[in-house]
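The block underneath contains the structure these notes are about, expressed in structure tokens.
The values are calculated or read from the model by the stated rules, or taken from the named source; none is laboratory data. From a predicted model like this one, the values you see are computed outputs, not experimental measurements. Glycine gets a Cβ as well: all are built from the backbone with ideal geometry, and neighbour counts include every protein chain shown. These area figures cover heavy atoms from the full protein model, side chains too; ligands, DNA and RNA do not enter into them. Shrake-Rupley method; radii C 1.70, N 1.55, O 1.52, S 1.80 Å.
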Amino acid sequence: QVQLVESGGGLVQPGGSLRLSCATSGFAFSLAAMSWYRQAPGKERELVARISSFGASTNYAESVKGRFTISRDNVKNTVYLQMNSLKPEDTAVYFCHGARPAREYWGQGTQVTVSS
């Protein structure tokens with residue numbers, strides 16, 4: 001059974017930091033490209049960051065470049081998103097996503113709220 005379980009979300013003040021984790025099981029994690037998406041109320045889901053299967057390459061949305069860092073641990077089958085200098089516009093539900101040829105997997109999401 002495939003599972004992707006996000007954690008680490010919460011309420012943080014502007015300028016603060018959070019670290020999201022996504023623990024996975026049930027698929028070949030080390031062979032999967034992993035990503036974080038987010039969806040704010042009334043908006044479409046958008047790609048935040050992506051990391052290749054062995055971490056050799058990463059990509060970021062322009063809005064988070066220089067503030068967010070995606071990483072992975074292929075021993076723990078976990079992907080992370082370090083979020084610094086958070087802004088109110090970063091408020092959204094953050095989803096973990098895994099992709100292999102012809103297959104993709106989603107987590108249930110974790111809420112991040114940036115507010116004073």
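Residue under question is PHE54, and the condition is that it be over 22 Å from GLY15 (Cβ atoms) and hydrophobic (A, V, I, L, M, F, W, C); does it hold? Break it down into steps so the answer makes sense when it comes.
On the way: over 22 Å from GLY15 (Cβ atoms): yes; hydrophobic (A, V, I, L, M, F, W, C): yes.
Against the criterion (over 22 Å from GLY15 (Cβ atoms) and hydrophobic (A, V, I, L, M, F, W, C)), PHE54 qualifies.
Within the stretch 86-95, the set of residues being of a type outside the set (Lys, Arg) and either part of a strand (DSSP E or B) or open to solvent by 40 Å² or more (accessible area, probe 1.4 Å) (or both) comprises PRO88, GLU89, ALA92, VAL93, TYR94, PHE95. PHE95: aromatic (Phe, Trp, Tyr) and over 14 Å from the mean Cα position of the chain (by Cα), yes or no? It is false that PHE95 is aromatic (Phe, Trp, Tyr) and over 14 Å from the mean Cα position of the chain (by Cα).
Selection of strands (runs of 3 or more DSSP E) fully inside the stretch 43-85 by the criterion of at least 3 residues being open to solvent by 50 Å² or more (accessible area, probe 1.4 Å), within 23 Å of VAL114 (Cβ to Cβ) and of a type outside the set (A, V, I, L, M) returns 58-60. Just one of the numbered conditions (1) hydroxyl-bearing (Ser, Thr, Tyr); (2) outside any strand (DSSP E or B); (3) touching a residue at least 24 places away in the same chain (Cβ under 8 Å) is not true of SER21: (2). Counting only residues that are hydroxyl-bearing (Ser, Thr, Tyr) and touching a helix residue (DSSP H, G or I) at 6+ places or on another chain (Cβ under 8 Å), the stretch 41-66 holds 2 of them.
Checking LEU18, LEU4 one by one, the residue that is open to solvent by less than 50 Å² (accessible area, probe 1.4 Å) and more than 20 Å from ALA102 (Cα to Cα) is LEU18 and no other.
Does any residue of the stretch 56-71 turn out to be closer than 18 Å to VAL5 by Cβ and either at pLDDT 95 or above or of a type in the set (A, V, I, L, M) (or both)? Looking for residues that are closer than 18 Å to VAL5 by Cβ and either at pLDDT 95 or above or of a type in the set (A, V, I, L, M) (or both), one finds at least one in the stretch 56-71, hence yes. Taken as a whole, the structure places GLU6 among residues that are touching a residue at least 24 places away in the same chain (Cβ under 8 Å) and acidic (Asp, Glu).
Hey, can you tell me all the residues within the stretch 24-40 that are in contact (Cβ under 8 Å) with a residue 40 or more places away in the chain and part of a loop (DSSP other than H, G, I, E, B)?
Filtering the stretch 24-40 for residues in contact (Cβ under 8 Å) with a residue 40 or more places away in the chain gives 24-25, 27-40.
Residues satisfying the conditions are PHE27, ALA28, ALA32, ALA40.
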